[in-house]
Amino acid sequence: MTDPLLGWRTEFPIVDTCTYLVSHSLGAMPRRASAYLQQFADEWSRRGVRAWHDGWWEIGRTTGDLLAPILGVPTGTISMHQNVTVAQSIVASCFRYDGPRRKIVLTDLEFPSNMYLFEGFRRYGAEIAYVPSDDGIRNDTERLLDAIDERTVLVPLSLVLFKSSCLQDARAIIEKAHRVGAHVILDVYQAAGAVPLDLESLGTDFAVGGSVKWLCGGPGAGYLYVRPDVARALEPGIVGWAAHAAPFEFETGAIRYADAPERFQSGTPNVPSLYSARAGYEIVGQIGVDAIRRKSLTLTRRLIELARQGGYRVNTPLEDAERGGAVIVDVPNGQAVADELIRREVIVDYRPGAGIRMAPHFYNTMEEVEHAMRVLGEITANTAGRSLESPPVRAGESM
Ligand SMILES: Cc1ncc(COP(=O)(O)O)c(C=O)c1O
């Protein structure tokens, strides 16, 4: 039976040039993204400053509205930002850390940037509590639930862990946080576009993410969802004129907040990035994340099967219900093996302490998955017992 999702391959030029299995890091660029970027350039060139009135000024809201169904949230609840770090900073600036409720609970499997940011809040009085994982693959949910108490202000939590692709039980954590008066910031970066999301019914206070990975939207299009009832009560400390109720009045002094989602904006929107992101959102929305997930599970199941047949350690949950879109295969000399895979046009990445991350998306074929595992087998057979020299880390390599 032919796979209808393969009809999308012609929209992604890179899949004709290599075996592209790295959508957990940088999703393939849709052709349509070039067209949107050209549209941006044409508008800038032809309309000049008048382009702000032709949709540029509102582009944060309109882009967020395009993303809303993919996240499973109502329109008018998402603001757009440079990246996750900025979006989380704005959330963090809504709270105080000098009273009894000052604890931020993080797991040691979070993306490091999430730690760096909140570590910085110690200077405002925040205490950071890290919940350790036993196996480096999944969090101990009970331990995490125990760490969340009446002193907790924020629980920043990745729905899918970047290192292991483990899909977490966010519902239980959100329920516990709410029971004790804490807020949850769900980082859905590794989930959005690969795992169906219904964030409204999950009840999370905040969600953050970006567009570089499974959404095929390119860099510079981070997003922040704030639950409407929570948004009404919040006044971010990090704000700019785009968050003002009447930005073009240029009032001086303290801000008069706009309603959400604009009250979470900072300054001038990142217009070209939001044009390029649109293409990926449209395509993911048109296919539907349910169909993407069904295909993803079929391909990752096969990948895991082949990895285990090859005798490799798999650092990703084997159960479908516990797995995001990537599979992490641990091999000796992982960095050098990943580098050799890339040299042979099988595009993957490697993370220390985890392994080689491989991620088929809707535009990949079963043959590509099998080819990648065959090439991996050849490389590891040739290098068995030999210490490959690790290549230098390349500057600017993506997450
Ligand atoms: C789960 C997760 N959160 C956050 C980030 C980093 O986000 P940003 O660079 O947009 O701040 C990444 C990047 O890989 C990630 O995987």
Point to revise | Surface/4 of the Cα convex hull for the range 262-306, nm² | key: 5.3
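What range in the chain is the longest one free of GluC sites (Glu not before Pro) that are in a loop by DSSP and have at most 13 other Cβ atoms within 10 angstrom?
Details: sites that count: E150, E251, E319, E345, E389, E397.
Excluding the exposed sites themselves, the longest stretch runs over 1-149.
Quote the charge dipole size of the range 218-343 about the Cα centre in Debye, to the nearest 20; the model charges only the Cβ of Lys and Arg (+1) and of Asp and Glu (-1).
Details: 14 positive and 15 negative charges, 94 e Å.
The dipole of the range 218-343 has a size of about 460 debye.
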Check your understanding: What's the center-to-center distance, using Cα atoms, between the range 333-379 and the range 197-245 in Å?
Key -> 33
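Please work out whether the range 314-387 counts as rounded, prolate or oblate from its C-alpha gyration tensor, where a ≥ b ≥ c are the square roots of the eigenvalues and a/c under 1.5 means rounded, while otherwise a/b larger than b/c means prolate and anything else oblate? All intermediate terms of the calculation are to be shown ahead of the outcome.
On the way: a/c = 1.99, a/b = 1.32, b/c = 1.50.
Judged from the Cα gyration tensor, the range 314-387 comes out oblate (a/c at least 1.5, b/c at or above a/b).
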Point to revise | Protection proxy ranking, peptides 290-299, 217-226, average beta carbon neighbours within 10 Å, highest first | key: 217-226, 290-299
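What does the C-alpha gyration tensor say about the overall shape of the range 274-344? Classify as rounded when a/c is under 1.5, otherwise prolate if a/b is larger than b/c, or oblate.
On the way: a/c = 3.00, a/b = 1.53, b/c = 1.96.
Since a/c reaches 1.5 but b/c is at least a/b, the shape of the range 274-344 is classed as oblate.
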Study note, to complete from the structure: The simple spin-label model distance between T62 and D259, using points 7 Å out along Cα→Cβ, in nm, is 2.0
**Study point:** 0 to 90° range, to nearest 10: angle between helix 289-309 axis and the chain longest Cα axis
**Key:** 40
Exercise for review: Using only Cα atoms, locate the centre of the range 36-70 and the centre of the range 294-325, then give the distance between them in Å, rounded to an integer.
Suggested key: 40
Review point. What is the gain in length, in nm to one decimal, between V86 and F250 on full extension, counting 0.36 nm per residue of separation less the C-alpha to C-alpha distance?
Key: 56.6 nm
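Per residue, what volume in Å³ does the convex hull of the Cα atoms of the chain enclose?
About 148 Å³ per residue, rounded to a whole number.
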Check your understanding: Rounded to the nearest 500 deg cm²/dmol, what is the calculated helix-only ellipticity per residue at 222 nm for the chain, with -39500 (n - 2.57) per DSSP H run of length n ≥ 4?
Key -> -10500 deg cm²/dmol
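Hand me the tally of lysine pairs in the chain: alpha carbons under 27 angstrom apart, and the pair either on different chains or 8 or more positions apart.
Values: K103/K163; K103/K176; K163/K176; K163/K213; K163/K295; K213/K295.
Taking the Cα cut-off of 27 Å, the pair count is 6.
Evaluate E = 1/(1 + (r/R0)^6) for Y130 and T75, where r is the Cβ-Cβ distance and R0 equals 30 Å; express this FRET efficiency to the nearest 0.05.
Working: r = 36 Å, r/R0 = 1.21.
The pair Y130/T75 has a calculated efficiency of 0.25.
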**Study point:** Relative contact order of the chain, defined on C-alpha pairs under 8 angstrom at six or more residues apart (%)
**Key:** 22
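What percent do you get for the relative contact order of the range 1-160 when only Cα pairs under 8 Å and 6+ apart count?
Values: 137 pairs, mean separation 25.4, N = 160.
Relative contact order here is 16 percent.
We did not get these values from a lab; they are worked out from the coordinates using the rules stated. Not measured: the values here are computed from a predicted model. Cβ coordinates were reconstructed from backbone atoms using ideal geometry, including for glycine residues, and neighbour counts include every protein chain displayed.
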